[in-house]
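Novice: Quick one: structure below, then a few questions.
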Amino acid sequence: MRFQRLTILSAFAVLVIYGLLIASLFYFFDGATVLAAWSSRRVLFAIQLSLVAATVATGVALLIAVPAAYALSRFRFRGRQAVDAILEFPIIVSPAALGAIILIFFSNPVGTWIQENTIQFVFAFAGIVLAQFISILGVAVRFMKSAFDQVPVNYETVARSLGASPARAFRTIAVPLARRGLLGAGVLSWAKAMGEFGATITVAGTMAMRTETLPIGIYMHLSSADIKGTVALILVLLAIGLGALYAAKFLFRERRADT
């Protein structure tokens, strides 16, 4: 019983730590400042840019993450351990270092050719999307692999024995059964992309009305000692992030309830 109480107290300690940090924001809360910030053309652009960039980055990441996660969940192949290990790369490397690595890539001959002949990434919208994509790809694959791991392989084996091709078994069995986990992973990846800062500011810069996302806007307000304006933007980011987190938790909860 004492051990149970200790673990429960530890759980509540996590709530208290983060809860206090969030509650402290309201000490500097000013309704007029919040309304002025939320109606500002610059802030609205930053919000719109963040939403669009995060959605595009997540969409591109999912195109790779879903089949990659399925391969890691279902198949044993040469190099599998290396692929599984590299998924932690965006977590091990700090966001600023990740952005620096991207910049270094575009400084070599291959990256320079890409910049000059295809798409401009550095200090551009494409750079925001790329920084967010690189930051969330490993996380998306890891979450989606967990979703596929929850689907019994026997279902696909039966489908294959009845004549279904591997691709058809993937589309009609694995994906539908893992759909809630996949959706939850997609939502969490999107929320992470929305809050990405270090790699984005390193690659895309801080140009207002061009590359200033919501997290960068928070940094810019804070750097000019505008605490109330900073709080206003943080509340927007919190509302979006917590809303996405709640949606993901709901999806995961429904998945567990069905199994």
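Novice: As a test of reading the structure, rank Leu15, Leu137, Leu44 by solvent-accessible area (1.4 Å probe, protein chains only), most first.
Specialist: On the way: Leu15 110, Leu137 45, Leu44 85 Å².
Of Leu15, Leu137, Leu44, the descending order of accessible area is Leu15, Leu44, Leu137.
Novice: Can I ask one more? What relative contact order, as a whole-number percentage, does the chain give when Cα pairs under 8 Å and 6 or more residues apart are counted?
Specialist: For the chain, the relative contact order is 30 percent.
Novice: Could you give the size of the charge dipole of the chain about its Cα centre, using +1 on the Cβ of each K and R and -1 on the Cβ of each D and E, expressed in debye and rounded to the nearest 20? Kindly include the intermediate steps, with their values, before the conclusion.
Specialist: Working: 22 positive and 11 negative charges, 194 e Å.
Value, rounded to 20: 940 debye.
Novice: Over region 153-246, what is the relative contact order in whole percent, taking alpha-carbon pairs under 8 Å and six or more residues apart? All intermediate terms of the calculation are to be shown ahead of the outcome.
Specialist: Values: 47 pairs, mean separation 23.2, N = 94.
So the answer I get is 25 percent.
Novice: If you average the sequence gap of Cα pairs under 8 Å that are 6 or more apart and divide by the length of region 1-155, what percent do you get for the contact order?
Specialist: 34
Novice: Could I ask something else about it? What is the Å³ per residue value for the convex hull set by the Cα atoms of region 12-138?
Specialist: On the way: hull volume 23.1 nm³, N = 127.
Taking the convex hull of the Cα positions in region 12-138, it is 182 Å³ per residue.
Novice: Top to bottom by accessible area (1.4 Å), largest first, where do Phe121, Phe250 land?
Specialist: Values: Phe121 35, Phe250 85 Å².
Largest to smallest exposure gives the sequence Phe250, Phe121.
Novice: At a probe size of 1.4 Å, how large is the accessible area of Val175, to the nearest 10 Å²?
Specialist: Using a 1.4 Å probe on the heavy atoms, I get roughly 40 Å².
Novice: Shifting gears a bit: Could you tell me the ratio Rg/Rh of the chain? Both radii from Cα atoms, Rh via Kirkwood. Please report the intermediate quantities before stating the final value.
Specialist: Numbers: Rg = 21.3 Å, Rh = 20.6 Å.
Rg/Rh for the chain comes to 1.03.
Novice: Could you compute how much accessible surface Ile101 exposes when probed at 1.4 Å, giving the result in Å² to the nearest 10?
Specialist: 80
Novice: Starting from the Cα of Lys249, draw a straight line to each of the lysines and keep only those under 19 Å, dropping any in the same chain fewer than 8 residues away.
Specialist: By straight Cα distance, Lys249 reaches Lys145, Lys192.
Novice: Using Cα atoms only, what is the angle between the long axis of helix 179-194 and the major principal axis of the chain, expressed in degrees (0 to 90) to the nearest 10?
Specialist: Roughly 30 degrees between the two axes.
The values are calculated or read from the model by the stated rules, or taken from the named source; none is laboratory data. All of these numbers come straight from a predicted model, not from anything done at the bench. Cβ atoms come from the backbone with ideal geometry, glycine included; neighbour counts cover every protein chain shown. Surface accessibility is based on the protein's heavy atoms, side chains included, excluding ligands, DNA and RNA. Shrake-Rupley method; radii C 1.70, N 1.55, O 1.52, S 1.80 Å.
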